[in-house]
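Undergrad: Got a structure here, written out as structure tokens. Questions coming.
The values are calculated or read from the model by the stated rules, or taken from the named source; none is laboratory data. Owing to the predicted nature of the structure, the values given are computational and were not obtained by experimental measurement. Neighbour counts run over all protein chains shown; Cβ positions are idealised from the backbone, glycine included. Just so you know, the surface numbers come from the protein's heavy atoms only, side chains and all, with ligands and any DNA or RNA stripped out. Shrake-Rupley method; radii C 1.70, N 1.55, O 1.52, S 1.80 Å.
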Amino acid sequence: MENLLCLCSNCHIRFDHGARIINDDFMVIDALSGRELRALTIHPWHYIGRTYLRYHRDRWSGQIATSARGDHRVRTSVENSETAPLHDR
């Protein structure tokens, strides 16, 4: 399977909500700060398709908003409507 990542529960939530992304070099990026965190650990028998990583990045590009105070926030999929408020993440 090319579209499978084994993540701890905290990283799983961050990845699902766009707070963590993975670049084509398999570097894990904090999407809120843009800081590189570490290289993704990949088992030698596990192939990860870069197409899926690009899809995830494209899915979340533009979803990170900055509030008036300058705090970083992430919109969840439910919050992508114009009427839904932002939640701190």
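Undergrad: Give ARG50, ARG20, ARG38, ARG54 a once-over and let me know the one that is at pLDDT 70 or above and open to solvent by less than 50 Å² (accessible area, probe 1.4 Å). Give the derivation first.
TA: On the way: ARG50 fails: open to solvent by less than 50 Å² (accessible area, probe 1.4 Å); ARG38 fails: open to solvent by less than 50 Å² (accessible area, probe 1.4 Å); ARG54 fails: open to solvent by less than 50 Å² (accessible area, probe 1.4 Å).
On inspection, the qualifying residue turns out to be ARG20.
Undergrad: Among the residues of region 1-23, how many are out of contact with any strand residue (DSSP E or B) (no Cβ under 7 Å at 6 or more places or on another chain) and under 14 Å from SER61 (Cβ atoms)?
TA: 0
Undergrad: Which of the residues spanning region 57-76 are modelled with pLDDT under 50 and under 24 Å from GLU2 (Cα atoms)?
TA: Within region 57-76, none qualify.
Undergrad: Kindly indicate whether ILE29 is assigned to a strand (DSSP E or B), at pLDDT 90 or above and in contact with a His (Cβ under 9 Å, 6 or more places away or on another chain).
TA: Here the answer is no, as ILE29 does not meet what is asked.
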